[in-house]
Amino acid sequence: RLAALLPVDLMVGAEDPAPYALPQAPVHACLLPAASAVPGLNRLGNPISLEVASDDDTSTPITILGHAGQCVDDAWRYLAEDDRLEVLASTLRWRHLAPTAPDTLVCHPNDGSDDVLGMEAAPHVLFAGNQPTFATREEAGTRLVCVPAFASTSSAVLVDMRTLEAHEVRFQSHYS
């Protein structure tokens, strides 16, 4: 219903019916027949890299880079860091979304010429989905965002494309 009102980007994740190895292809349209017929639903792979036109007078688009969370979750297991946002910041400093791949995080073989998990430049926004809690901060010109898992938190994150400020939005159901 939401995609009929405004554009919705649906990113595939670790527990979705899709190939497990990164990069993941989008959820197949046959698994969402009714939703796939709605023009506002965009099925996305994992990770994603997007450019959004800025609405000021510059021609520089806003770059958004993110993944469904497996990269942060796997690196978090090996670091002496409790803060998932700090793990995300480390991947920004290391310029690699999945520093533990292919050792402990499954990814497709790569000869290095087309490394979709590497970062040539820092994006304006870097996010990790399916995290335990919402967290955000700015580091070196990049807005870092840990997006909480909707299934366990009933919350989403909105990022203001003018200021790059991120805010958590919580949903309540009267049916549960």
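Note on the range 128-176: along the principal axes its Cα atoms extend 42, 21, 10 Å, ordered by decreasing extent. A 1.4 Å probe, protein heavy atoms only, puts the accessible area of T60 near 80 Å².
Dividing the summed helix terms, -39500 (n - 2.57) for each DSSP H run of n ≥ 4, by the number of residues in the chain produces a 222 nm estimate of -4000 deg cm²/dmol to the nearest 500.
Taking the 1.4 Å solvent-accessible surface of the chain as the whole, the part contributed by carbon and sulfur is 55%. The residues of the chain expose on average 60 square angstrom of accessible surface per residue, using a 1.4 Å probe on protein heavy atoms. Contact order, relative form, for the range 21-90: 21 percent (alpha carbon pairs under 8 Å, 6 or more residues apart, mean separation divided by residue count).
For the range 69-176, the residue among F150, V125, Q172 whose Cα projects farthest onto the positive side of the dipole built from Cβ charges is Q172. Can you tell me, using C-alpha contacts under 8 Å and at least 6 residues apart, the relative contact order of the chain as a whole percent? Here the relative contact order equals 17 percent. Largest accessible area first, the residues S155, S49 order themselves as S49, S155 under a 1.4 Å probe with ligands, DNA and RNA left out. Rounded, prolate or oblate for the range 1-84? Axes are the square roots of the Cα gyration tensor eigenvalues, ordered a ≥ b ≥ c, and the cut-off for rounded is a/c under 1.5. The shape class here is oblate. This structure gives P(r) over Cα pairs in 5 Å bins from 0, in percent, computed directly, and of [x] 1, 8, 15, 20, 21, 17, 11, 5, 1, 0, 0; [y] 1, 7, 12, 13, 10, 7, 5, 4, 4, 5, 6, 7, 7, 5, 3, 2, 1, 0, 0; [z] 1, 7, 11, 12, 12, 10, 9, 8, 8, 7, 6, 4, 3, 1, 1, 0 that value is listed as [x].
The values are calculated or read from the model by the stated rules, or taken from the named source; none is laboratory data. Keep in mind that what you see is a predicted model, and the values were worked out from it rather than measured. Using ideal geometry, Cβ is built from the backbone for each residue, glycine included, and neighbour counts are taken over all protein chains shown. Accessible surface is based on the protein model in full, side chains and every heavy atom, while ligands, DNA and RNA are left aside. Shrake-Rupley method; radii C 1.70, N 1.55, O 1.52, S 1.80 Å.
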